[in-house]
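Structure first, commentary second.
The values are calculated or read from the model by the stated rules, or taken from the named source; none is laboratory data. Note that the structure is predicted; figures quoted are calculated from it, not measured. Note that each Cβ is placed from the backbone with ideal geometry, even for glycine, and that neighbours are counted across all protein chains shown. Calculation scope for accessible area: heavy atoms of the full protein, side chains included, ligands and nucleic acids excluded. Shrake-Rupley method; radii C 1.70, N 1.55, O 1.52, S 1.80 Å.
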Amino acid sequence: GNAETDSDITGTYGPYTTYKITVMNGDTINNIDGGYKDSSIVSIGHLTIAGLIITETTKAMLPSRVNLATANNSKYKTEWSHYSGNYAFSDLTAGQDYRISVENNESPLQGVSTRDIVLIQKHILGIKYLDSPYKIIAADVNNSQSITASDLVELRKLILGVIETFPKNKSWRFVPKNYVFKNPTYPFPFEENILHSKMENNKMNTDFYAVKIGDVSGNALGLVNTTTRSTKNVQLIFEKASYKKNEEISVPIRISEGDMLSGIQIALQLSDELEFVTIEKGSLNINQENYRFNRGQLLISYNEARGFDVGKKDIFTLRFKAKMDLNIDNKIRSSNLLENEAYDLTDQVVPLEVISSVENIKTTSGVYKFYPAKPNPFKQETMIEFELPNEEAIIFTVYNPEGKLVWSKEKIYIAGNNQMIISKEDLGHSGLYYLHIQSKEFCKTQRILMLN
């Protein structure tokens, strides 16, 4: 408030001047003295370009490289955006041209699933069109400026692990937030940078929309507009519990609660004691483009845009060969490479739980019976019923999808019928969990889902 007092905090510029301070969203700066220079001619310098990088659904983008170029230097400055989506370039000179762009080519599989293939196929066939230009950009997986079956082929290869990156595209594309598409139903080509020409003042709203290639369902940074229905079972149907060395094993696959679906994806982990042979067609017209086996992991991705019926049918059959005499219990189980899930005709996600139809697994000490958790999904609590041949200690452990231990319990249970309850207080918050059950001679893992 006193023009005679030096208000320049650093003392660099002297009396009657103001030191420029850039305050970004979330910053807290206290005890700042301010002032001004009384002059009819103000020399403008030390300008700032700042903005926000978010998705179409206003989710903050993960840290990305933001590039600032001038007319004479295409690599003038580079900054990394924050987890909040904010970025800033300060101390820029007035009167120059500045061009801003964003890049991120990490984690191509993030947010991508067979559900996206279903949605893109429906768009191609005219059954249900993608409703925003950003989703159409995301569907152009091969960067051809068109949406065709070739995009579906490339996306399925990524899901099955045949390819690890998009050969002709980047993992993310970034469109200026204020960019106006000439035709939103055909957004190609589109701008991917913002130009501030002969900049004379701060540009604090230089914002971008982040578009995850392949993710038209919008869940790369968290599920969006997705309603989860009750869990279905993927039933692995064995003729018997034990097999001899070199004996062929045929495992028909069925899905419980048969109705119409538009797609499924299944991830299985096989024991080293099994040799994978092939998958044979059942009611689904599955072929080699729909699955991949690699290092003990069998990944399956299948869809039909107009839907298919899974009721009380073998949808396909897995063929294996036993490498040695073995008990089939726990030799085929869920893998964490992909979520086991199906998609109904309204494109909603239906979690799948892989179970064996051989309910009674015989061991040297008797018969164990462990039944699926009920209810599942649940809101307050879920119960696991089981039968033991003898009194013994059973260990229950619950892990989150990242493999972190969330809850555990060890107790000695009597021979015969038993029950164990898991409550929402045990888990803490809603989400997907893996329940592992371990005894002296038996182990089993199943997925449980707690809802809000």
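So the values come out like this:
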quantity: Complete set of residues in the stretch 289-315 that are within 30 Å of residue 128 (Cα to Cα), of a type outside the set (D, E, K, R) and at pLDDT 95 or above; calculated: 290, 291, 299, 300, 301, 302, 303
quantity: Filtered residue count, the stretch 403-452, keeping only those that are part of a strand (DSSP E or B) and either open to solvent by less than 80 Å² (accessible area, probe 1.4 Å) or modelled with pLDDT of 90 or more (or both); calculated: 31
quantity: Residue list for the stretch 309-335, restricted to those being within 29 Å of the chain's Cα centre (by Cα) and open to solvent by less than 10 Å² (accessible area, probe 1.4 Å); calculated: 310, 315, 316, 318, 335
quantity: Test result for residue 194, more than 17 Å from residue 344 (Cα to Cα), at pLDDT 90 or above and in contact with a Pro (Cβ under 9 Å, 6 or more places away or on another chain); calculated: yes
quantity: Residue that is most open to solvent (accessible area, probe 1.4 Å) [pool: residues in the stretch 169-204 that are of a type in the set (Lys, Arg) and in a loop (DSSP other than H, G, I, E, B)]; calculated: 182
quantity: Close pairs from the stretch 392-421: first closer than 18 Å to residue 370 by Cβ and among the acidic types (Asp, Glu), partner open to solvent by less than 30 Å² (accessible area, probe 1.4 Å) and part of a strand (DSSP E or B), Cβ under 8 Å, at least 6 apart; calculated: 392/413; 410/394; 410/396
quantity: Residues being open to solvent by less than 40 Å² (accessible area, probe 1.4 Å), within 23 Å of the chain's Cα centre (by Cα) and aromatic (Phe, Trp, Tyr) - total across the stretch 276-304; calculated: 2
quantity: Pair list, Cβ under 8 Å, 6 or more apart: the stretch 240-253 residue over 7 Å from residue 328 (Cβ atoms), other residue open to solvent by 10 Å² or more (accessible area, probe 1.4 Å) and small (Gly, Ala, Ser); calculated: 252/282; 253/282
quantity: Residues (in contact with a strand residue (DSSP E or B) (Cβ under 8 Å, 6 or more places away or on another chain), within 14 Å of residue 143 (Cβ to Cβ) and among the aromatic types (Phe, Trp, Tyr)) located in the stretch 153-194; calculated: 172, 190
quantity: Qualifying residue in the stretch 293-315 (condition: in contact (Cβ under 8 Å) with a residue 60 or more places away in the chain, over 14 Å from residue 236 (Cα atoms) and hydroxyl-bearing (Ser, Thr, Tyr)); calculated: yes
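Yes or no, residue by residue, for (1) of a type in the set (A, V, I, L, M); (2) free of Cβ contacts under 8 Å to residues at least 40 places away in the same chain; (3) within 30 Å of residue 89 (Cβ to Cβ):
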residue	(1), (2), (3)
100	yes, no, yes
103	no, no, yes
108	no, no, yes
127	yes, no, no
183	no, yes, no
194	yes, no, yes
